[in-house]
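Heads up, the thing below is written out as structure tokens.
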Amino acid sequence: MTLIANLLLTLMQRSIKRKWSFSGLATMTRILLMCYVDYRLFFENPEKEWQQILVNSADPPPELELKFE
């Protein structure tokens, strides 16, 4: 598992233009695992994307309706 995670993080690190340390990339990836984000956009301009995540998380999730028939 660790080798797969290491490989995926290395591929992510090489695919983005902005330079991130490996540990910084791993930490941010761990934080973002519960959010649906385009990682390339996020890691290129994290300030802008983080603001968007905060705006989207402020809205409550849609409520599910139970239908009885």
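Only DSSP H runs of four or more residues enter the estimate; each adds -39500 (n - 2.57), and after division by the residues of the chain the mean residue ellipticity at 222 nm equals -19500 deg cm²/dmol. The smallest convex shape that holds all Cα atoms of the chain, its convex hull, gives 127 Å³ per residue. For the chain, the per residue solvent-accessible surface stands at 92 Å², with DNA, RNA and ligands left out and a 1.4 Å probe. For segment 35-51, 3J(HN,Hα) computed residue by residue from phi via the Karplus equation (6.51, -1.76, 1.60; θ = phi - 60°) reads 10, 8, 9, 7, 5, 5, 5, 5, 6, 7, 9, x, 5, 5, 5, 5, 4 Hz, glycine and proline entered as x.
Between the helical axis of 22-32 and the longest alpha-carbon principal axis of the chain there is an angle of about 0 degrees. Counting only aspartates and glutamates at least 8 places from residue 17 when in the same chain, those with an alpha carbon closer than 12 Å to its own are 44.
The values are calculated or read from the model by the stated rules, or taken from the named source; none is laboratory data. All of these numbers come straight from a predicted model, not from anything done at the bench. Keep in mind that these areas ignore ligands, DNA and RNA; they rest on the heavy atoms of the full protein, side chains included. Shrake-Rupley method; radii C 1.70, N 1.55, O 1.52, S 1.80 Å.
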